[in-house]
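S.K.: Dropping the structure in here first, questions after.
No value in this document is a laboratory result; all are computed from the given coordinates. Predicted model, so just to flag it, every value in this text is computed and none were measured. All Cβ positions, glycine included, derive from the backbone under ideal geometry; neighbour counts span all protein chains shown.
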Amino acid sequence: MLTGYDHLLFILGVIFFLYRLSHVALYVTMFSLGHSLTLLTGVLGHIQLDPYLIDALIGLSVVYKAIDNLDGFTTLFGSGIHQKTAVLVFGLFHGLGLATKLQSLDLSPVGLLPNLIAFNLGVEFGQLLALTVLLGLMALWRRQETFQRQALLANAAILTAGLVLIGYQLTGFLVNPGA
């Protein structure tokens, strides 16, 4: 989980301006539903995409969330994107990315479903642990007078990281076609 920096960046973007625990729970649930659905169906249904392209889409999810946090969609288009739907859809991509990575391993078909469910529960538990740390740090940071100014810079950094991720993955796709 902790090596899934793209996953953590997206989750950080999702919770960045969520102040109520009920809202955090709702958005994380939407993400987890999408993630779990495509993780399980991707592996069990042998659905594989090019790992570079799916990881570029995951990078796009990071970019999306940073732009959303910066009110970029409202500024450019006059209204935002339905956030819960976007988080669910990007959860689907994140799960498919993990399903693609898992399928590159030599998975035994014996006990595959229970093992996948246990693995997914482990991933979700890891996400909750990381989320707990992120929420604690965010709560401390939000108490600082400089939070609003720093929030702009932080989301610009998240945006930049997402763009770098996209560029890195697309470069891998072009250099290693069909990998």
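S.K.: If you take the residues of segment 134-173 that are of a type in the set (A, V, I, L, M, F, W, C) and surrounded by fewer than 11 Cβ atoms within 10 Å (Cβ to Cβ), which of them is nearest to LEU57 (Cα to Cα)?
M.R.: Within segment 134-173, the first condition is being of a type in the set (A, V, I, L, M, F, W, C), and the residues that meet it are 134-135, 137-141, 147, 151-154, 156-159, 161, 163-166, 170, 173.
Of the ones still in play, those that are also surrounded by fewer than 11 Cβ atoms within 10 Å (Cβ to Cβ) are 139-140, 153.
Numbers: ALA139: 29, LEU140: 31, LEU153: 23 Å.
Within segment 134-173, the match that is nearest to LEU57 (Cα to Cα) is LEU153.
S.K.: Scan segment 82-95 and give yes if some residue there is touching a residue at least 24 places away in the same chain (Cβ under 8 Å), in a loop (DSSP other than H, G, I, E, B), closer than 23 Å to ALA151 by Cβ and among the hydrophobic types (A, V, I, L, M, F, W, C), otherwise no.
M.R.: no
S.K.: On to the next question. Tell me, yes or no, whether segment 62-69 has at least one residue that is of a type in the set (A, V, I, L, M), in a helix (DSSP H, G or I) and more than 13 Å from the chain's Cα centre (by Cα).
M.R.: Yes - at least one qualifying residue is present in segment 62-69.
S.K.: Within segment 39-49, is even one residue buried (at least 20 other Cβ atoms within 10 Å of the Cβ) and either free of Cβ contacts under 8 Å to residues at least 40 places away in the same chain or over 24 Å from PRO177 (Cα atoms) (or both)?
M.R.: Here is the first cut: in segment 39-49, the residues buried (at least 20 other Cβ atoms within 10 Å of the Cβ) are 39, 42-43.
Now narrow it down to the ones that are either free of Cβ contacts under 8 Å to residues at least 40 places away in the same chain or over 24 Å from PRO177 (Cα atoms) (or both): none.
No.
S.K.: Let me ask you something else. Quick check: anything in segment 104-118 of a type in the set (D, E, K, R), within 20 Å of LEU39 (Cα to Cα) and loosely packed, with under 11 Cβ neighbours inside 10 Å?
M.R.: Within segment 104-118, the subset of a type in the set (D, E, K, R) is 106.
Next cut, within 20 Å of LEU39 (Cα to Cα) only: 106.
Checking the rest, the ones that are also loosely packed, with under 11 Cβ neighbours inside 10 Å come to 106.
Yes: segment 104-118 contains one or more residues that are of a type in the set (D, E, K, R), within 20 Å of LEU39 (Cα to Cα) and loosely packed, with under 11 Cβ neighbours inside 10 Å.
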